[in-house]
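Have a look at the structure below before the remarks.
The values are calculated or read from the model by the stated rules, or taken from the named source; none is laboratory data. Please read all numbers here as calculations on a predicted model, not as lab measurements. We place every Cβ from the backbone using ideal geometry, glycine too, and count neighbours over all the protein chains shown. Side chains are part of the model used for accessible areas, which takes the heavy atoms of the whole protein and leaves out ligands, DNA and RNA. Shrake-Rupley method; radii C 1.70, N 1.55, O 1.52, S 1.80 Å.
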Amino acid sequence: MKARVVALPGDGVGPEVVRSALRVLEAVAERSGHRLELTEALIGGAALDRVGAPLPDDTLAACRDADAVLLGAVGGPQWDDPSARLRPEQGLLGLRKELGLYANLRPVSLWPCLAQVSPLKAELLQGVDVLVVRELTGGLYFGPRTLERTPEGERATDLLVYTEPEIERVLRLGFELAQRRRHKLCSIDKANVLETSRLWRRTAQRLASEYPDVQLEHQLVDSAAMRLVTAPASLDVLVTENMFGDILSDEASVLAGSLGLLPSASLGAGRLGLYEPIHGSAPTLAGQDLANPLGTILSGALLLRHSLGWEAEARGIELAVGRCLSQGARTRDLGGTLGTSAMTDAVLAAL
Ligand code: IPM
Ligand code: MG
């Protein structure tokens with residue numbers, strides 16, 4: 001089989017971790033007789049510097065044309081001017097929106113050999129296997145915003161907007177994913193305060209009768225944040241709106257031991273998906289062979305699974321990562337000394 005993948009290295013450690021993941025994907029493809037057609041395109045700050053736009057038209061066109069997109073990270077201090085009109089992050093947000101990738105899957109499970117790496121007590125982490133499903137193209141991130149001068153000073157607004165269809169499609173995916181896991185769906189909202197959350201909760205309640213084998217519960221986002229670190233093993237699939245999901249997924253990464261380990265898949269109506277580690281561009285680590293490539297390598301596994309349907313190959317990558325971790329391979333974020341490329345070599349050797 002042949003598949004077209006666009007790589008968007010982006011900024012900071014992005015190019016290094018994407019290079020690692022591509023080495024692994026190419027090795028897997030070669031071994032299984034598949035062909036990967038790889039192209040690279042600009043996004044984020046790198047695109048701003050080179051062509052003056054965070055999401056150039058030809059990047060978007062290449063992504064639309066591909067079977068899957070693998071992204072590193074965007075952003076960095078050199079583009080952090082709060083009064084700038086264009087920011088690297090607009091490249092990523094624009095890509096998610098333009099490709100209609102409304103659901104962001106962030107699986108968090110514990111590699112047993114890393115139980116000591118997490119700052120949480122090892123006994124609390126027993127059996128942790130959480131899937132955060134974050135709504136990705138609505139809410140505060142995409143609502144109208146304003147900035148105006150008033151006699152009292154400046155005034156800014158970000159509007160939180162959700163329509164019922166937007167809520168329904170991501171909830172349905174949450175129910176379906178729960179059906180393939182432990183049949184528990186925790187819908188997270190702030191229904192005691194926000195109208196969008198009340199619409200969210202009513203929609204979840206309405207859909208529940210169609211998924212009688214899934215146990216639905218509702219939880220307020222503040223107490224869900226606490227539960228994630230006090231009773232994480234009680235959670236299966238979490239589904240929530242864009243901003244809550246952004247925050248809770250970084251929190252959930254603590255369970256795994258490091259932000260650097262976590263992959264994500266952003267999916268829409270078709271097979272085309274965007275795959276990226278959940279960590280950012282980590283500018284202080286950039287260019288020094290220090291970043292943990294596993295989040296991106298595991299994103300590559302999700303890419304094979306969800307966009308290409310190469311389940312055995314995806315499993316192969318995950319098993320290889322598990323094996324090299326259990327043999328003691330550790331990057332610095334995990335308390336070890338391996339660099340980005342040495343960790344990648346370890347995964348390739350374990351494949
Ligand atoms: C993430 C990131 C992005 C987001 C930033 C870089 C815009 O934090 O993917 O979680 O907020 O969605
Ligand atoms: Mg985030």
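Some points to look at:
- Selection among Ala291, Ser264, Ala320 by position relative to the dipole of the chain gives Ala320 as farthest towards the positive end (Cβ unit charges, Cα centre).
- Using θ = phi - 60° in the Karplus curve 6.51 cos²θ - 1.76 cosθ + 1.60, the 3J(HN,Hα) couplings for region 241-258 round to 6, 3, 5, 4, x, 4, 6, 5, 6, 5, 4, 4, 5, 4, 4, 7, x, 7 Hz; x is entered for Gly and Pro.
- Using 0.36 nm per residue and subtracting the Cα-Cα separation, the extra length available between Leu86 and Lys184 on full extension is 31.2 nm.
- For the chain, the gyration tensor built on C-alpha atoms gives a rounded shape. Its axis ratio a/c (a ≥ b ≥ c) stays under 1.5.
- Other residues whose C-beta falls under 15 angstrom from the C-beta of Arg330 contribute a net charge of -1, scoring Lys and Arg +1 and Asp and Glu -1.
- Here the mean projected area of the convex hull built on the C-alpha positions of region 185-340 is 11.4 nm².
- Using the Stokes-Einstein relation with a Kirkwood hydrodynamic radius computed over Cα pairs, the translational diffusion coefficient of region 43-97 at 20 °C and a viscosity of 1.002 mPa s comes to 188 µm²/s.
- Rounded to the nearest 20 debye, the dipole size of the chain about its Cα centre is 680 debye, using +1 on the Cβ of Lys and Arg and -1 on the Cβ of Asp and Glu.
- Phi-derived couplings, Karplus 6.51 cos²θ - 1.76 cosθ + 1.60 at θ = phi - 60°, listed residue by residue for region 232-237: x, 6, 7, 9, 10, 9 Hz, with x used for Gly and Pro.
- Calculated FRET efficiency, Arg31 to Leu147, Cβ-Cβ distance, R0 = 45 Å: about 0.25 to the nearest 0.05.
- Cβ-based charge dipole, the chain, positive-most Cα from Gly153, Trp310, Leu71: Trp310
- Solvent exposure of region 118-256 amounts to 47 Å² per residue of accessible area, where only protein heavy atoms count and the probe is 1.4 Å.
- With a simple spin-label model that places each label point 7 Å from the Cα along the Cα-to-Cβ direction, the separation between Gln215 and Ala156 comes to 4.3 nm.
- For Leu238, the residues 5 or more places off, or on other chains, whose built amide H falls under 5 Å of its own are Leu131, Val132, Val133, Cys186.
- Shown for the chain: the carbon plus sulfur share of the solvent-accessible area, taken with all protein chains present and a 1.4 angstrom probe, equals 53%.
- Label-to-label distance for Ser326 and Leu351 is 2.1 nm, based on points extended 7 Å past Cα in the beta-carbon direction.
- A probe of 1.4 angstrom, applied to the heavy atoms of all protein chains, finds Tyr162 with accessible area near 20 square angstrom.
- Residue by residue, region 340-347 carries 3J(HN,Hα) couplings of 4, 6, 5, 5, 5, 4, 4, 5 Hz when phi is fed to the Karplus relation 6.51 cos²θ - 1.76 cosθ + 1.60 (θ = phi - 60°); x denotes Gly or Pro.
- q = 0.16, 0.17, 0.18 Å⁻¹: log10 I(q)/I(0) that the Debye formula gives for region 118-256, counting C-alpha atoms only: -0.82, -0.90, -0.98
- For the pair region 174-219 / region 309-351, the C-alpha centres are spaced 35 Å from each other.
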